[in-house]
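Only one structure is covered here, and it is reproduced in the block below.
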Amino acid sequence: MMAERAARRNGDEQGADGVRLQQMMAGHWAAQAVYVATRLGIPDLLADGPRACDELAAAAGAHGPSLIRLLRALAGLGVFAEADDGRFALTPMGRLLQAGAPGTWRAEVLLLGEVNYRAFGDLLRTVRFGETAFDHVYGTGFYDYLAHHPEAAGWFNECMTKTAAAWVPAFVQAMDFSDANTVVDMGGGDGGLMAAVLRANPSLRGVVFDLPHAAEAASAVLAAAGVGARATVVHGDFLTTAPPGGDVYILARVLLNWGDYRASAILANCRRAMSGRGRLVVVDVVLPPRGGPLSGSLNDLNLMVMFPDAHQRTEEEFRVLFAKAGLTLTQIKPLSAPDGLPLRVIEGIPA
């Protein structure tokens, strides 16, 4: 009897594991269904209320018989709802796919479903040969791709702005800039982080440093925040240089996208550019020596696919990286972060 119960239990566990494996392997079905509906603008077409599939197909430029099958699949997933009269309506989940909606996931869905999806399909090449899948699929690096694809660059910048909104308030509250005159945000993008820092520190001046396409909106963001008079936007590549004379250099969610050689070059550029009493502030994931949250492990896998030699680092790896650039790591403190990522503030000074 005990043997029978054990066999039944093992069979139940195998059945549950099989279901989980099936769900994992079919995950791209759902992901692409959500992406396609979002790319066609269906959530936005439903903003004013339920509509028939034929109306939606005509407005979206889609094939009606194919679209209704897509909508019904997504209704099963809870993205849309199908009424008895055959019309489709948005659910609360579906509203998160609308452009400009509070908490919208539209940019993430488009970036992951279009740009990232193709690269991840070549994961086998990366694992087998160590080649960066994105570079192989697209024939160029991710940031070069964004420089020539403004629509994708817009999605990426929107994703970064949304992610930053989850941790920037905690960062501003945790940081003491009372000993600084000028703060430089390396890879500062649209200037959102700098705007928050300057608002919280009225005597501070700031520099947003990034490539032209990445910092295109920075001046407007800083002006809208009322800090434009104390901020400067400088175009450049942090792989080769850094604006001189800053007292604090910030690298927020930057280093994880670069291998040790280039990350060390970025740090060394900051070290050469900073004033004698300068310091470096890095916002990044710090992995435990082993284990860690699933979200961190999956994000690390994504980095491997998207960027050459990119990876998340442990505390010891950061210490080594700082030392190679002539910096001494002085402290690491926790920071509240989205998705349960172990985000930290890592500070250093000239060695």
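Just subtract the alpha-carbon distance of D179 and E55 from 0.36 nm times their residue separation and send over the number in nm, one decimal.
Full extension of this stretch gives 38.5 nm more.
With an 8 Å cut-off on Cα pairs and a minimum separation of 6 or more residues, tell me the relative contact order of the range 24-104 in percent.
It rounds to 30 percent for the range 24-104.
Counting only Cα atoms, I'd like the Rg/Rh figure for the range 24-104, Kirkwood definition for Rh.
Reported Rg/Rh (Cα atoms, Kirkwood Rh): 0.94.
Compute the angle between helix 315-324 and the longest alpha-carbon principal axis of the chain, please, reported from 0 to 90 degrees and rounded to the nearest 10.
Roughly 40 degrees between the two axes.
Is it possible to state the helix-based mean residue ellipticity at 222 nm for the chain, with each DSSP H run of 4+ residues giving -39500 (n - 2.57), the sum divided by total residues, to the nearest 500 deg cm²/dmol? What is it?
About -14500 deg cm²/dmol.
So what's Rg/Rh here for the chain, counting alpha carbon atoms and using the Kirkwood radius for Rh?
Radius of gyration relative to Kirkwood radius: 1.04.
Summing Lys, Arg as +1 and Asp, Glu as -1, what charge do residues with Cβ under 11 Å from the Cβ of A180 carry, A180 excluded?
0
Work out the FRET efficiency for N302 and A220 from their Cβ-Cβ distance, taking R0 = 25 Å, and round it to the nearest 0.05.
0.25
Using only Cα atoms, find the angle between the long axis of helix 27-39 and the longest principal axis of the chain, and express it within 0 to 90 degrees, rounded to the nearest 10.
So the helix axis and the longest Cα principal axis differ by about 80 degrees.
Within a 10 angstrom radius of the beta carbon, how do C270, C53 rank from fewest other beta carbons to most?
C53, C270
Please give, to one decimal in nm, the separation of the simple spin-label points placed at Q14 and A165, each 7 Å out from Cα toward the Cβ.
4.9
For labels at S275 and R199 in the simple 7 Å Cα→Cβ model, what's the distance in nm?
2.6
As I understand it, the value is the acute angle between the Cα axis of helix 64-76 and the longest principal axis of the Cα atoms of the chain; what does it come to in degrees, rounded to 10?
80
For the range 72-188, I need the span (max minus min coordinate) of the C-alpha atoms along each principal axis, in Å, sorted largest to smallest.
Computed over the Cα atoms, the extents are 66, 42, 26 Å.
So between H149 and A268, what do we pick up on full extension, going 0.36 nm a residue minus the alpha carbon distance?
Length difference between fully extended and current span is 39.8 nm.
Which parts of the range 126-145 would a label at H213 reach, counting a residue when its backbone N lies under 11 Å from a point 7 Å out along Cα-to-Cβ?
141-145
Mind giving me the nanometre distance, one decimal, between the label points for S295 and V172, set 7 Å out from Cα along Cα→Cβ?
About 2.2 nm, to one decimal.
Every number in this text was worked out from the coordinates using simple rules, so none of it is lab data. This one's a predicted model, so the numbers in the text were calculated from it and none came from an experiment. All Cβ positions, glycine included, derive from the backbone under ideal geometry; neighbour counts span all protein chains shown.
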